[in-house]
Amino acid sequence: MGGKHVKQNKAKNKLSVRLFAVFVSMVVVVLSTLVIHHFALHPINRNFTEESQHYIGRFTIPAVDIDVGLYEFELVTQEDADEMKNAMDEDDVAVKFWGSSKGGWFIGDHNYQGFGTLKKCEVGDIAYIDLKDGTQQKYQVVEKFRGENSGTELTKNGEPIAGNNSDGIIVYTCVSVWNQGEVWIAFLQPVNS
């Protein structure tokens, strides 16, 4: 009888080992797929460095640990918009652009990159743009809220907000990777030193 139980236990152990191997294989396949998908969407290429013609300095909000390279774009053509989007897709790149039809400066980045903590900033927090020429621009958060991004317009409760922050900068990022229509928006106003 003892031999029969030993054979059954060995068979169960072999089955357990095989099931575990299948499980590990499935996990490896899933993780590999996720990694491949991530790098297909976010390739590791550094076309935008401090030597780029678009690089103007660094943007920081120390209270929430935002510290990213800042690249300025002029949006005249679709090609300009595509280049700006490609820049924003790189790590350590936030983009600054003039919304000429919108009447103001905008700074944007992905929430899974440099702007993941924008939602934590508060009215009164200080932001800086440290320009590559050594000068510094100082700003203060005067308003922060959850809004919408239609792809061509930032809104709050369906109303465009671009003209609501004259002489300032509008900083924004998506609320989440899965919900890119909702954005965190912060209005910054210059602080005179």
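The values are calculated or read from the model by the stated rules, or taken from the named source; none is laboratory data. On a predicted model such as this, the values are computed, not experimentally measured, just so you know. Don't worry about glycine lacking a Cβ; one is built from the backbone with ideal geometry, like all the others, and counts go over all protein chains shown. Keep in mind that these areas ignore ligands, DNA and RNA; they rest on the heavy atoms of the full protein, side chains included. Shrake-Rupley method; radii C 1.70, N 1.55, O 1.52, S 1.80 Å.
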Problem set entry | Residue in segment 171-189 that is over 23 Å from residue 91 (Cα atoms), in contact with a Gly (Cβ under 9 Å, 6 or more places away or on another chain) and not hydrophobic (A, V, I, L, M, F, W, C) present | yes
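Open to solvent by less than 70 Å² (accessible area, probe 1.4 Å) and either more than 17 Å from residue 70 (Cα to Cα) or among the small types (Gly, Ala, Ser) (or both), is that true of residue 167? Lay out the reasoning, then the answer.
Numbers: open to solvent by less than 70 Å² (accessible area, probe 1.4 Å): no; either more than 17 Å from residue 70 (Cα to Cα) or among the small types (Gly, Ala, Ser) (or both): yes.
The answer is no for residue 167.
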Problem set entry | Residues that are in a strand (DSSP E or B) and either of a type in the set (Val, Ile, Thr) or exposed (fewer than 15 other Cβ atoms within 10 Å of the Cβ) (or both), drawn from segment 170-188 | 170, 171, 173, 182, 183, 185
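The rows are residues; the columns are (1) modelled with pLDDT of 90 or more; (2) among the basic types (Lys, Arg).
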{"residue": "48", "(1), (2)": "no, no"}
{"residue": "67", "(1), (2)": "yes, no"}
{"residue": "96", "(1), (2)": "no, yes"}
{"residue": "101", "(1), (2)": "no, no"}
{"residue": "120", "(1), (2)": "yes, yes"}
{"residue": "138", "(1), (2)": "yes, yes"}
{"residue": "145", "(1), (2)": "yes, no"}
For this session: Quickly run through segment 111-161 and pick out the residues that are exposed (fewer than 14 other Cβ atoms within 10 Å of the Cβ), part of a strand (DSSP E or B) and acidic (Asp, Glu).
Result: 159
Exercise. Restricting to segment 49-95, what's the tally of residues that are open to solvent by less than 70 Å² (accessible area, probe 1.4 Å) and part of a strand (DSSP E or B)?
Worked result: 17
Exercise. Hydrophobic (A, V, I, L, M, F, W, C), under 19 Å from residue 90 (Cβ atoms) and either at pLDDT below 65 or outside any loop (DSSP other than H, G, I, E, B) (or both), is that true of residue 23?
Worked result: no
